[in-house]
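Just so you know, all these numbers are worked out from the coordinates, no wet-lab data involved. Please read these numbers as outputs of a predicted model, since none were measured by experiment. Every residue, glycine as well, gets a Cβ built from its backbone with ideal geometry; the counts of neighbours run over all protein chains shown.
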């Protein structure tokens, strides 16, 4: 049987370590500590609903992802509750 030389796509790794790594920062909003991570237009592949304005964030639109950094249920629960925001909406929130 001939060998396939095509590369197979690697499965997506949505592990906690991968999501926590990368360029991110901490911000305090209304007394709550948040972890904020930018998403480039090239990385944005799905449509999300912005909690700031309620409108959709289209694929290929740069935006930010924010999640609580000081939740009592731990990092995994905070990360599961993360939200995608338009960058402008996050700045004025």
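Quick notes
- Estimated inter-spin distance, residue 25 and residue 92, nm [label 7 Å along Cα→Cβ]: 1.9 nm
- Put a dot 7 Å past the Cα of residue 32, heading toward its Cβ, do the same for residue 56, and the two dots end up 2.6 nm apart.
- Proxy reagent accessibility, fewest Cβ within 10 Å first, across 84, 63: 84, 63
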